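Asks: Here you go, one structure.
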Amino acid sequence: MSSYSENDAEALRRKRILSSKLYFDVSPSKVPLIYSESYDISFLGIEKLHPFDSSKWGRICRFLVSFGILDKESIVEPLEASKDDLLVVHTELYLNSLKGSSKVAMIVEVPPVALIPNCLVQQKVLFPFKKQVGGTVLAAKLAKERGWAINVGGGFHHCSAEKGGGFCVYADISLCIHFAFVQLNISRVMIIDLDAHQGNGHEMDFAYDSRVYILDMYNPGIYPLDYEARNYINQKVEVKSGTLTEEYLQKLDEALEVAGRRFNPELVIYNAGTDILQGDPLGRLEISPEGIALRDEKVFRFAREKNIPIVMLTSGGYMKSSARVIADSIINLSNKCLIETGGAPKSA
Ligand SMILES: [Zn+2]
(Lines give C-alpha, C1' and ligand atoms only; values in the text may rest on other atoms or scores of the structure.)
Protein backbone atom coordinates (compact mmCIF):
# COMPACT_ATOMS: atom_id res chain seq x y z
CA MET A 1 0.00 0.00 0.00
CA SER A 2 2.67 2.50 1.00
CA SER A 3 4.90 1.67 -1.97
CA TYR A 4 1.87 2.13 -4.23
CA SER A 5 1.31 5.66 -2.95
CA GLU A 6 5.04 6.40 -3.16
CA ASN A 7 4.88 5.43 -6.83
CA ASP A 8 1.92 7.75 -7.23
CA ALA A 9 3.81 10.63 -5.67
CA GLU A 10 6.82 9.94 -7.89
CA ALA A 11 4.61 9.83 -11.00
CA LEU A 12 3.03 13.15 -10.05
CA ARG A 13 6.46 14.67 -9.51
CA ARG A 14 7.60 13.47 -12.95
CA LYS A 15 4.46 14.87 -14.53
CA ARG A 16 5.03 18.26 -12.92
CA ILE A 17 8.65 18.35 -14.05
CA LEU A 18 7.84 17.33 -17.61
CA SER A 19 5.12 19.97 -17.95
CA SER A 20 7.21 22.76 -16.40
CA LYS A 21 8.32 25.80 -18.42
CA LEU A 22 11.50 26.38 -16.40
CA TYR A 23 13.67 24.47 -18.88
CA PHE A 24 13.70 26.38 -22.17
CA ASP A 25 16.12 26.56 -25.06
CA VAL A 26 18.73 29.28 -24.75
CA SER A 27 20.37 30.81 -27.82
CA PRO A 28 24.06 29.89 -28.28
CA SER A 29 24.81 33.64 -28.39
CA LYS A 30 24.03 33.84 -24.68
CA VAL A 31 26.51 33.09 -21.90
CA PRO A 32 25.34 30.53 -19.27
CA LEU A 33 25.24 33.22 -16.63
CA ILE A 34 21.73 33.63 -15.26
CA TYR A 35 20.28 36.76 -13.72
CA SER A 36 17.16 38.90 -13.72
CA GLU A 37 16.70 42.44 -12.44
CA SER A 38 13.84 41.08 -10.40
CA TYR A 39 16.29 39.06 -8.23
CA ASP A 40 16.95 42.17 -6.17
CA ILE A 41 14.76 42.81 -3.16
CA SER A 42 14.08 46.44 -2.33
CA PHE A 43 10.92 48.23 -1.36
CA LEU A 44 9.72 50.78 1.15
CA GLY A 45 13.22 50.87 2.64
CA ILE A 46 12.69 47.43 4.17
CA GLU A 47 15.96 46.27 2.62
CA LYS A 48 17.79 48.72 4.89
CA LEU A 49 16.40 47.01 7.99
CA HIS A 50 17.93 43.74 6.96
CA PRO A 51 21.57 43.17 7.93
CA PHE A 52 22.16 41.89 4.39
CA ASP A 53 22.86 43.59 1.07
CA SER A 54 19.76 42.35 -0.70
CA SER A 55 20.75 43.92 -4.01
CA LYS A 56 24.12 42.16 -4.29
CA TRP A 57 22.94 40.11 -7.28
CA GLY A 58 22.48 43.17 -9.49
CA ARG A 59 25.74 44.68 -8.30
CA ILE A 60 27.65 41.50 -9.29
CA CYS A 61 26.33 41.78 -12.85
CA ARG A 62 27.04 45.51 -13.07
CA PHE A 63 30.67 44.84 -12.06
CA LEU A 64 31.00 42.08 -14.68
CA VAL A 65 29.56 44.27 -17.42
CA SER A 66 31.64 47.30 -16.45
CA PHE A 67 34.83 45.21 -16.44
CA GLY A 68 34.01 44.03 -19.96
CA ILE A 69 33.70 40.38 -18.93
CA LEU A 70 30.29 40.07 -20.55
CA ASP A 71 27.64 42.03 -22.45
CA LYS A 72 24.39 42.80 -20.74
CA GLU A 73 22.55 41.20 -23.69
CA SER A 74 24.32 37.87 -23.24
CA ILE A 75 22.91 37.30 -19.73
CA VAL A 76 20.18 34.64 -19.52
CA GLU A 77 16.89 35.69 -17.88
CA PRO A 78 15.10 32.81 -16.13
CA LEU A 79 11.39 32.26 -15.61
CA GLU A 80 9.70 32.42 -12.24
CA ALA A 81 9.06 29.05 -10.56
CA SER A 82 5.29 28.44 -10.57
CA LYS A 83 3.35 26.82 -7.77
CA ASP A 84 3.38 23.54 -9.70
CA ASP A 85 7.17 23.78 -10.04
CA LEU A 86 7.57 24.39 -6.31
CA LEU A 87 5.32 21.40 -5.55
CA VAL A 88 7.95 19.15 -7.15
CA VAL A 89 9.67 19.37 -3.75
CA HIS A 90 7.54 21.42 -1.37
CA THR A 91 4.36 20.37 0.36
CA GLU A 92 1.09 22.20 -0.20
CA LEU A 93 1.06 22.84 3.55
CA TYR A 94 4.40 24.63 3.47
CA LEU A 95 3.52 26.77 0.45
CA ASN A 96 0.21 27.72 2.06
CA SER A 97 2.00 28.81 5.22
CA LEU A 98 3.77 31.50 3.16
CA LYS A 99 0.37 33.15 2.72
CA GLY A 100 0.95 34.48 6.22
CA SER A 101 3.30 37.49 6.25
CA SER A 102 4.50 36.61 9.75
CA LYS A 103 5.81 33.25 8.51
CA VAL A 104 7.76 34.95 5.70
CA ALA A 105 9.05 37.57 8.16
CA MET A 106 10.44 34.79 10.33
CA ILE A 107 12.16 32.99 7.45
CA VAL A 108 13.77 36.11 5.94
CA GLU A 109 14.55 37.46 9.42
CA VAL A 110 13.00 40.88 8.85
CA PRO A 111 10.34 41.27 11.60
CA PRO A 112 8.53 44.31 10.02
CA VAL A 113 7.60 42.13 7.01
CA ALA A 114 5.01 40.58 9.35
CA LEU A 115 3.05 43.86 9.25
CA ILE A 116 2.88 44.09 5.45
CA PRO A 117 -0.17 42.83 3.53
CA ASN A 118 0.61 39.41 2.11
CA CYS A 119 -0.11 40.44 -1.49
CA LEU A 120 2.79 42.91 -1.24
CA VAL A 121 5.01 40.30 0.40
CA GLN A 122 4.22 37.91 -2.45
CA GLN A 123 5.13 40.53 -5.03
CA LYS A 124 8.16 42.18 -3.41
CA VAL A 125 9.79 39.33 -1.48
CA LEU A 126 8.58 35.96 -2.75
CA PHE A 127 8.56 36.83 -6.46
CA PRO A 128 12.31 37.68 -6.49
CA PHE A 129 13.03 34.37 -4.76
CA LYS A 130 10.88 32.43 -7.25
CA LYS A 131 12.84 34.01 -10.09
CA GLN A 132 16.08 32.91 -8.43
CA VAL A 133 14.70 29.37 -8.06
CA GLY A 134 13.89 29.39 -11.79
CA GLY A 135 17.51 30.41 -12.39
CA THR A 136 18.95 27.56 -10.31
CA VAL A 137 16.76 24.98 -12.05
CA LEU A 138 17.66 26.26 -15.54
CA ALA A 139 21.36 26.36 -14.61
CA ALA A 140 21.59 22.54 -14.59
CA LYS A 141 20.26 22.34 -18.17
CA LEU A 142 22.76 24.98 -19.33
CA ALA A 143 25.60 23.30 -17.45
CA LYS A 144 24.82 20.00 -19.19
CA GLU A 145 24.94 21.77 -22.57
CA ARG A 146 27.87 24.14 -22.01
CA GLY A 147 29.88 22.45 -19.24
CA TRP A 148 29.15 25.16 -16.68
CA ALA A 149 26.52 27.66 -15.57
CA ILE A 150 26.39 30.32 -12.90
CA ASN A 151 23.16 31.49 -11.31
CA VAL A 152 24.01 34.92 -9.91
CA GLY A 153 21.59 34.13 -7.08
CA GLY A 154 20.05 31.06 -5.45
CA GLY A 155 21.77 28.68 -3.06
CA PHE A 156 19.00 28.68 -0.45
CA HIS A 157 20.52 25.74 1.35
CA HIS A 158 18.66 26.08 4.67
CA CYS A 159 15.29 25.39 3.10
CA SER A 160 13.95 21.85 2.80
CA ALA A 161 10.65 20.50 1.46
CA GLU A 162 8.77 21.30 4.62
CA LYS A 163 10.72 24.04 6.34
CA GLY A 164 12.29 27.41 5.49
CA GLY A 165 14.79 29.38 7.56
CA GLY A 166 17.88 31.58 7.52
CA PHE A 167 16.73 33.80 4.61
CA CYS A 168 15.90 30.68 2.54
CA VAL A 169 12.24 30.42 1.49
CA TYR A 170 12.44 27.84 -1.31
CA ALA A 171 14.62 24.72 -1.68
CA ASP A 172 16.17 25.65 -5.03
CA ILE A 173 18.99 23.09 -4.78
CA SER A 174 16.60 20.17 -4.19
CA LEU A 175 14.37 21.39 -7.03
CA CYS A 176 17.30 21.74 -9.41
CA ILE A 177 18.43 18.18 -8.67
CA HIS A 178 14.97 16.63 -9.12
CA PHE A 179 14.59 18.40 -12.47
CA ALA A 180 18.03 17.11 -13.52
CA PHE A 181 17.11 13.52 -12.54
CA VAL A 182 14.08 13.58 -14.82
CA GLN A 183 14.92 16.02 -17.62
CA LEU A 184 18.65 15.38 -18.01
CA ASN A 185 18.57 11.69 -17.21
CA ILE A 186 21.20 12.15 -14.52
CA SER A 187 21.44 9.80 -11.56
CA ARG A 188 24.55 10.91 -9.65
CA VAL A 189 24.85 14.45 -8.29
CA MET A 190 27.51 15.90 -6.00
CA ILE A 191 26.69 18.92 -3.88
CA ILE A 192 29.80 20.84 -2.86
CA ASP A 193 28.55 23.26 -0.22
CA LEU A 194 31.22 25.78 0.76
CA ASP A 195 28.97 28.44 2.26
CA ALA A 196 30.07 29.12 5.86
CA HIS A 197 26.84 27.61 7.16
CA GLN A 198 25.80 23.97 7.15
CA GLY A 199 23.44 23.16 4.25
CA ASN A 200 20.77 21.51 6.36
CA GLY A 201 17.98 21.98 3.77
CA HIS A 202 19.36 19.77 0.99
CA GLU A 203 20.76 17.41 3.64
CA MET A 204 17.25 16.72 4.98
CA ASP A 205 15.79 16.45 1.47
CA PHE A 206 18.32 13.86 0.26
CA ALA A 207 18.84 12.13 3.59
CA TYR A 208 18.28 8.62 2.26
CA ASP A 209 18.95 9.22 -1.43
CA SER A 210 22.16 7.54 -2.59
CA ARG A 211 22.01 9.41 -5.91
CA VAL A 212 23.21 12.55 -4.11
CA TYR A 213 26.66 12.87 -2.50
CA ILE A 214 27.08 15.83 -0.16
CA LEU A 215 30.42 17.42 0.68
CA ASP A 216 29.77 20.17 3.21
CA MET A 217 32.53 22.37 4.61
CA TYR A 218 31.06 24.61 7.30
CA ASN A 219 31.61 26.36 10.60
CA PRO A 220 30.07 24.00 13.21
CA GLY A 221 29.71 26.76 15.83
CA ILE A 222 27.15 28.94 14.00
CA TYR A 223 23.57 28.69 12.65
CA PRO A 224 21.78 26.34 11.96
CA LEU A 225 23.36 23.85 14.44
CA ASP A 226 21.23 21.13 12.85
CA TYR A 227 22.61 17.94 14.36
CA GLU A 228 20.04 15.70 12.73
CA ALA A 229 20.91 16.95 9.23
CA ARG A 230 24.62 16.47 9.98
CA ASN A 231 23.99 12.73 9.96
CA TYR A 232 23.15 12.94 6.27
CA ILE A 233 26.36 14.65 5.11
CA ASN A 234 28.49 12.15 3.17
CA GLN A 235 31.67 14.11 3.73
CA LYS A 236 31.80 16.57 6.58
CA VAL A 237 34.63 19.09 6.88
CA GLU A 238 34.32 21.36 9.90
CA VAL A 239 36.13 24.70 9.89
CA LYS A 240 36.06 26.50 13.22
CA SER A 241 35.57 30.25 13.76
CA GLY A 242 38.75 32.17 12.98
CA THR A 243 40.10 29.70 10.39
CA LEU A 244 42.61 31.44 8.09
CA THR A 245 42.93 31.25 4.30
CA GLU A 246 45.88 28.88 4.08
CA GLU A 247 44.41 26.27 6.41
CA TYR A 248 41.02 26.56 4.69
CA LEU A 249 42.41 25.99 1.21
CA GLN A 250 44.50 23.07 2.38
CA LYS A 251 41.43 21.40 3.89
CA LEU A 252 39.55 22.02 0.64
CA ASP A 253 42.31 20.41 -1.43
CA GLU A 254 42.18 17.30 0.75
CA ALA A 255 38.38 17.24 0.69
CA LEU A 256 38.16 17.45 -3.09
CA GLU A 257 40.72 14.72 -3.44
CA VAL A 258 38.69 12.40 -1.19
CA ALA A 259 35.37 13.33 -2.86
CA GLY A 260 36.78 12.58 -6.30
CA ARG A 261 37.85 9.12 -5.16
CA ARG A 262 34.57 8.27 -3.43
CA PHE A 263 31.98 9.44 -5.95
CA ASN A 264 31.77 9.88 -9.69
CA PRO A 265 29.09 12.53 -10.32
CA GLU A 266 27.35 13.46 -13.56
CA LEU A 267 26.60 16.93 -12.21
CA VAL A 268 28.20 19.14 -9.55
CA ILE A 269 26.11 21.71 -7.68
CA TYR A 270 28.54 24.17 -6.15
CA ASN A 271 27.06 26.32 -3.38
CA ALA A 272 29.61 29.13 -3.33
CA GLY A 273 28.55 31.29 -0.37
CA THR A 274 30.96 34.15 0.30
CA ASP A 275 30.17 34.44 3.99
CA ILE A 276 33.54 32.77 4.67
CA LEU A 277 35.03 36.20 3.90
CA GLN A 278 37.12 37.83 6.62
CA GLY A 279 35.00 40.21 8.68
CA ASP A 280 31.68 38.54 7.84
CA PRO A 281 29.74 38.78 11.12
CA LEU A 282 27.70 35.63 10.38
CA GLY A 283 30.31 33.23 8.96
CA ARG A 284 33.08 34.07 11.46
CA LEU A 285 35.85 32.73 9.21
CA GLU A 286 38.88 34.71 8.02
CA ILE A 287 39.24 33.95 4.33
CA SER A 288 40.74 36.69 2.15
CA PRO A 289 39.11 37.84 -1.14
CA GLU A 290 41.99 36.21 -3.03
CA GLY A 291 41.37 33.03 -1.03
CA ILE A 292 37.75 33.00 -2.21
CA ALA A 293 38.82 33.33 -5.85
CA LEU A 294 41.26 30.44 -5.31
CA ARG A 295 38.54 28.36 -3.67
CA ASP A 296 36.19 28.84 -6.63
CA GLU A 297 39.03 28.09 -9.03
CA LYS A 298 39.79 24.79 -7.26
CA VAL A 299 36.15 23.64 -7.41
CA PHE A 300 35.81 24.58 -11.09
CA ARG A 301 39.08 22.81 -11.89
CA PHE A 302 37.85 19.72 -10.01
CA ALA A 303 34.71 19.52 -12.17
CA ARG A 304 35.95 20.77 -15.51
CA GLU A 305 39.07 18.58 -15.65
CA LYS A 306 36.78 15.56 -15.31
CA ASN A 307 34.25 17.00 -17.78
CA ILE A 308 31.52 17.10 -15.16
CA PRO A 309 28.94 19.86 -15.72
CA ILE A 310 29.06 22.37 -12.86
CA VAL A 311 26.39 24.74 -11.54
CA MET A 312 27.53 27.57 -9.28
CA LEU A 313 25.14 29.39 -6.93
CA THR A 314 26.13 32.52 -5.00
CA SER A 315 24.25 31.68 -1.75
CA GLY A 316 25.14 33.55 1.47
CA GLY A 317 27.47 36.49 2.03
CA TYR A 318 25.69 39.82 2.10
CA MET A 319 28.30 42.34 3.19
CA LYS A 320 28.70 45.41 0.97
CA SER A 321 32.01 43.96 -0.26
CA SER A 322 30.55 40.54 -1.23
CA ALA A 323 29.36 41.56 -4.72
CA ARG A 324 32.82 42.77 -5.72
CA VAL A 325 34.49 39.63 -4.32
CA ILE A 326 32.13 37.41 -6.34
CA ALA A 327 32.62 39.46 -9.52
CA ASP A 328 36.42 39.31 -9.10
CA SER A 329 36.24 35.55 -8.65
CA ILE A 330 34.15 35.13 -11.83
CA ILE A 331 36.70 37.29 -13.70
CA ASN A 332 39.46 35.04 -12.36
CA LEU A 333 37.60 31.92 -13.60
CA SER A 334 37.38 33.54 -17.02
CA ASN A 335 41.06 34.55 -17.02
CA LYS A 336 42.01 30.95 -16.11
CA CYS A 337 39.86 29.67 -19.02
CA LEU A 338 37.65 27.70 -16.61
CA ILE A 339 34.60 29.52 -18.02
CA GLU A 340 34.04 31.22 -21.37
CA THR A 341 32.15 34.51 -21.16
CA GLY A 342 32.75 35.94 -24.63
CA GLY A 343 34.14 39.25 -23.37
CA ALA A 344 37.74 40.24 -22.73
CA PRO A 345 38.65 42.19 -19.59
CA LYS A 346 39.07 45.90 -20.30
CA SER A 347 42.57 47.13 -19.72
CA ALA A 348 42.76 49.69 -16.95
ZN1 LIG B 1 25.77 31.12 4.88
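The values are calculated or read from the model by the stated rules, or taken from the named source; none is laboratory data. All values derive from a computational prediction rather than experimental measurement. Cβ placement follows ideal geometry from the backbone for every residue including glycine, while neighbour counts extend to all protein chains displayed.
Asks: Please enumerate the residues belonging to the range 229-273 that are within 11 Å of Gln198 (Cβ to Cβ) and of a type in the set (D, E, K, R).
Replies: Arg230, Lys236, Glu238
Asks: Which residues, taken from the range 253-290, are over 18 Å from the mean Cα position of the chain (by Cα), closer than 17 Å to Gly242 by Cβ and crowded, with 20+ Cβ neighbours inside 10 Å?
Replies: Asp280, Leu285, Ile287
Asks: Before we move on, is Ile339 assigned to a helix (DSSP H, G or I) and buried (at least 20 other Cβ atoms within 10 Å of the Cβ)?
Replies: No: the conditions fail for Ile339.
Asks: Can you tell me how many residues within the range 224-242 are crowded, with 16+ Cβ neighbours inside 10 Å and in contact (Cβ under 8 Å) with a residue 40 or more places away in the chain?
Replies: 2
Asks: Further question on the same structure: Please enumerate the residues belonging to the range 67-81 that are in contact (Cβ under 8 Å) with a residue 60 or more places away in the chain, touching a helix residue (DSSP H, G or I) at 6+ places or on another chain (Cβ under 9 Å) and outside any loop (DSSP other than H, G, I, E, B).
Replies: Passing the criteria: only Val76.
Asks: Can you find even one residue in the range 305-320 that is in contact with a Ser or Thr (Cβ under 9 Å, 6 or more places away or on another chain), in a loop (DSSP other than H, G, I, E, B) and more than 13 Å from the ligand (Cβ to nearest atom)?
Replies: Within the range 305-320 (the criterion being in contact with a Ser or Thr (Cβ under 9 Å, 6 or more places away or on another chain), in a loop (DSSP other than H, G, I, E, B) and more than 13 Å from the ligand (Cβ to nearest atom)), the answer is no, since none of the residues qualifies.
Asks: Sticking with this one: Which is away from the ligand (no atom under 16 Å from the Cβ) and in contact with a strand residue (DSSP E or B) (Cβ under 6 Å, 6 or more places away or on another chain), of Asp205, Asp209, Asp195?
Replies: Going through Asp205, Asp209, Asp195 in turn, just one is away from the ligand (no atom under 16 Å from the Cβ) and in contact with a strand residue (DSSP E or B) (Cβ under 6 Å, 6 or more places away or on another chain): Asp205.
Asks: Which count do you get for residues in the range 129-141 that are closer than 16 Å to Val31 by Cβ, buried (at least 24 other Cβ atoms within 10 Å of the Cβ) and of a type outside the set (Gly, Ala, Ser)?
Replies: Number of matching residues: 1.
Asks: For the range 113-128, does any single residue satisfy the condition of being surrounded by fewer than 21 Cβ atoms within 10 Å (Cβ to Cβ) and within 20 Å of Ala272 (Cα to Cα)?
Replies: For the range 113-128, residues surrounded by fewer than 21 Cβ atoms within 10 Å (Cβ to Cβ) and within 20 Å of Ala272 (Cα to Cα): absent.
Asks: May I pose another question? Give the range 192-204 a look and list any residue that's over 11 Å from the mean Cα position of the chain (by Cα) and buried (at least 24 other Cβ atoms within 10 Å of the Cβ), or say none.
Replies: Within the range 192-204, Ala196, His197, Gln198, Asn200, Gly201, Glu203 qualify.
Asks: Let me ask you something else. Looking at (1) away from the ligand (no atom under 16 Å from the Cβ); (2) farther than 19 Å from Leu249 by Cα; (3) in contact (Cβ under 8 Å) with a residue 12 or more places away in the chain, which is the only condition Cys337 fails?
Replies: Condition not satisfied by Cys337: (3).
Asks: I would also like to ask the following. Would you be able to tell me the number of residues in the range 249-290 that are within 16 Å of the ligand (Cβ to nearest atom) and farther than 24 Å from Ala143 by Cβ? Give the steps one after another, and end with the answer.
Replies: Going residue by residue through the range 249-290, those that are within 16 Å of the ligand (Cβ to nearest atom) are 269-287.
Next, from what is left, pick out any that are farther than 24 Å from Ala143 by Cβ: 277-287.
Here the count works out to 11.
Asks: Can I ask one more? Output the qualifying pairs, or none if there are none: Cβ atoms under 6 angstrom, residues six or more apart or on different chains, first residue in the range 182-204 and under 22 Å from Thr243 (Cα atoms), second residue of a type in the set (Phe, Trp, Tyr) and at pLDDT 95 or above.
Replies: Filtered contacts from the range 182-204: Ile192/Tyr270; His197/Tyr218; His197/Tyr223; Gln198/Tyr218.
Asks: Just to be sure, is Ala293 in contact (Cβ under 8 Å) with a residue 24 or more places away in the chain, within 16 Å of the ligand (Cβ to nearest atom) and more than 16 Å from Arg188 (Cβ to Cβ)?
Replies: No, not satisfied.
Asks: Another question, then. Return only the number of the condition from (1) buried (at least 20 other Cβ atoms within 10 Å of the Cβ); (2) modelled with pLDDT under 95; (3) of a type in the set (Asp, Glu) that Asp71 does not satisfy.
Replies: The number of the failed condition is (1).
Asks: Just to be sure I understand, how many residues within the range 152-192 are within 16 Å of the ligand (Cβ to nearest atom) and touching a strand residue (DSSP E or B) at 6+ places or on another chain (Cβ under 7 Å)?
Replies: 10
Asks: All but one of (1) modelled with pLDDT of 95 or more; (2) farther than 21 Å from Lys336 by Cα hold for Leu282; which doesn't?
Replies: It fails just one condition, (1).
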